[in-house]
Amino acid sequence: MTKSSKEQKLVFSGKITHVFNAQEYEVTLENGVKLNCHIAGKMKLYHIKIILGDSVRVEMSPYDLSKGRIVYRYK
């Protein structure tokens, strides 16, 4: 039995350290690793604004640890 793709995602918390444009960001994770991230589809759909310094939840694929998707902005 194989796992679905949602079970294989790595989830981390981090902070926005650089804003490239409205959909691309640099996120520093809690362990100090920097990632290039884009916002997830639902966040684009509902026009969730992300600014410098926001705390976010990031999903990553185990195959490419240099990129991620921002799936949630903490309040």
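The values are calculated or read from the model by the stated rules, or taken from the named source; none is laboratory data. Keep in mind that what you see is a predicted model, and the values were worked out from it rather than measured. We place every Cβ from the backbone using ideal geometry, glycine too, and count neighbours over all the protein chains shown. These accessible areas exclude ligands, DNA and RNA; they are computed on the full protein's heavy atoms, side chains included. Shrake-Rupley method; radii C 1.70, N 1.55, O 1.52, S 1.80 Å.
Here is how the numbers come out for the structure above:
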read-out: Looking only at the range 18-40, and only at residues there that are assigned to a loop (DSSP other than H, G, I, E, B) and over 11 Å from Val56 (Cα atoms), the one that is least open to solvent (accessible area, probe 1.4 Å); value: Ala40
read-out: Extreme residue, nearest to Leu10 (Cα to Cα), among residues of the range 41-75 that are open to solvent by less than 100 Å² (accessible area, probe 1.4 Å) and of a type in the set (Ser, Thr, Tyr); value: Ser61
read-out: Per-region count, the range 7-17, residues in a loop (DSSP other than H, G, I, E, B) and in contact (Cβ under 8 Å) with a residue 12 or more places away in the chain; value: 2
read-out: Residues of the range 50-68 satisfying the condition of being not acidic (Asp, Glu) and not in a strand (DSSP E or B); value: Ile50, Ile51, Leu52, Gly53, Pro62, Tyr63
